Amino acid sequence: MVATKCKPASQEQPVAVPVVAGLPMPDFRRIHVEPISGACGCEISGVDLREPLDEETLSEIMKAFEQFLVIVFRDQDLSPEQHKAFSRYFGPITELPQAPTYDGMRDMQEVRREADEPENVVPSFEHFHTDSPFLKRPPLCVVMRALEVPRYGGDTAFSNAYLVYEHLSDGLKALLDGLQVVYSGKEIWARNEKLPPEKRLRLREEHGFSEDELENIHPAVRVHPVTGRKALFATTAYFKGFVGWTEEESRALLDYLQSLAQHLHYHCRVKWRKNTLLVWDNRFLLHRGVHDFKYERRHLIRTTVMGERPIGPRDWPA
Ligand SMILES: [Fe+2]
């Protein structure tokens, strides 16, 4: 009797490919990549961001950025010019109308909470959010570096919006695929003025944006312009409503979607140290600061890179 090496197909074992952030773990040769959780985020070591990057290293950093959505570098003591030069690998740096600027530079912002200030002073919002979705071309990413951080606490948490979408039922995906959201930043200054001084956000006082530039309609499901992967793009901050829905209906659906982003299995959390630098994808990842500290200063500085106009399932492939 001749022995056979082939097993029937039903007995084949699946090949064990490690999956992180919903995709197989890529190979890296030039940089060391350590995933932070199974959902998103990685730490990258072996790179000095003060220097221009060679093509291969840059391409691996971009690969890690696309897969993990937030990339973390430690001990990066960059000047503002070096910070901006690194940011430009991701695209053109843009101003923001509402975020306070850093050191008189219109193309850098700061997130600063003094030791004696209340936690609401920085616009980190109570919920996971995407930054400035009211702009026609909302930010692609944020490049943020820590100047001073509390000894304990003050982390930033992230939630992977691809995974939120991918875990929905086919029925809800089909509904959301056809929805559009009105996002508006027009009223934040007026609303802030009405609050008692101790409850006010620190906002930029002057900017060159027109009223029209502060409100836009975007798809509720955002599609990656190259890969076609879909993610939820509906969150509370600056949300005005779904197009064609009443305010009450819009809030009810939004509250449900916002609750999904809270699930821990979509998250990672980054602990800051002085000179930690993060780049996070503002299109497909939600974020929030965790203000669980008191009596200590937290000072982060950032650049914001302009993204493409969001495209939805009906626009893709173009
Ligand atoms: Fe934010």
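The values are calculated or read from the model by the stated rules, or taken from the named source; none is laboratory data. Quick caveat, the model's predicted, so the values are computed rather than measured. As a convention, Cβ positions derive from the backbone with ideal geometry for all residues, glycine included, and neighbour counts pool all protein chains shown. All accessible areas refer to the heavy atoms of the entire protein, side chains included, with ligands and DNA or RNA removed. Shrake-Rupley method; radii C 1.70, N 1.55, O 1.52, S 1.80 Å.
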- Using helices alone, what [θ] at 222 nm do you get for the chain, with -39,500 (n - 2.57) per DSSP H run of 4 or more residues, divided over all residues and rounded to the nearest 500? -5000 deg cm²/dmol
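Once fully extended, how much extra length lies between Tyr89 and His299, figured as 0.36 nm per residue of separation less the alpha-carbon to alpha-carbon distance? Could you put the intermediate results ahead of the total?
Working: separation 210, 0.36 × 210 = 75.60 nm, distance 2.42 nm.
Roughly 73.2 nm would be gained on extension.
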- Item | Contact order normalised by residue count of segment 4-115, Cα under 8 Å, 6+ apart, percent | 18 percent
- Name the shape class, rounded, prolate or oblate, that the alpha-carbon gyration tensor gives for the chain, where a ≥ b ≥ c are the square roots of its eigenvalues, rounded holds for a/c under 1.5, and otherwise prolate holds if a/b is larger than b/c and oblate otherwise. oblate
- Gain in length, Asn192 to Asp75, computed as 0.36 nm per residue apart minus the alpha-carbon separation, to one decimal in nm? 38.5 nm
- Task: Please calculate the 1.4 Å probe accessible area of Asp292, with all protein chains present, and give it to the nearest 10 Å².
- Result: 90 Å²
- Please give, to one decimal in nm, the separation of the simple spin-label points placed at Glu51 and Lys271, each 7 Å out from Cα toward the Cβ. 2.9 nm
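Quick check: at a probe of 1.4 Å, how many percent of the accessible area of the chain sits on carbon and sulfur atoms? Don't skip to the answer; put the middle values down first.
Working: 8300 of 16020 Å².
Percent of accessible area from carbon and sulfur atoms in the chain: 52.
How much accessible area per residue does the chain have, counting only protein heavy atoms and a probe of 1.4 Å, in square angstrom?
Values: 16020 Å² over 318 residues.
Per residue, the chain has an accessible area of 50 Å².
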- Message: If you average the alpha carbon positions of segment 262-277 and of segment 126-201, how far apart do those two centres end up, in angstrom?
- Response: 15 Å
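Of the lysine pairs in segment 155-272, how many meet both conditions: Cα atoms under 21 Å apart, and a spacing of 8 or more in sequence or different chains?
Number of lysine pairs found: 6.
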- Query: For Val226 and Leu175, what is the calculated FRET efficiency with R₀ set at 30 Å and r taken between the beta-carbons, to the nearest 0.05?
  - Reply: 0.70
- Label model pair His32, Glu211: point-to-point distance (7 angstrom along the Cα→beta-carbon line) in nm is 5.6 nm
- What is the list of residues in segment 59-75 whose amide nitrogen lies under 20 Å from a point 7 angstrom out from the Cα of Met25, following Cα to Cβ? 60-74
- Note on the structure: Quick numbers on segment 33-171, Rg and Dmax over C-alpha atoms in Å, give 16.4, 50
- Within segment 67-125, chymotrypsin sites (Phe, Trp or Tyr not before Pro) in DSSP loop having at most 13 other beta-carbon neighbours inside 10 Å: none
- First check a/c for segment 250-318, with a ≥ b ≥ c the square roots of the eigenvalues of its C-alpha gyration tensor; if it is under 1.5, answer rounded, and if not, answer prolate when a/b is larger than b/c or oblate otherwise. oblate
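Using C-alpha positions alone, give me the convex hull volume of segment 112-202 per residue in cubic angstrom. Please list the in-between numbers first.
On the way: hull volume 13.7 nm³, N = 91.
Spread over its residues, the Cα hull of segment 112-202 gives 151 Å³ apiece.
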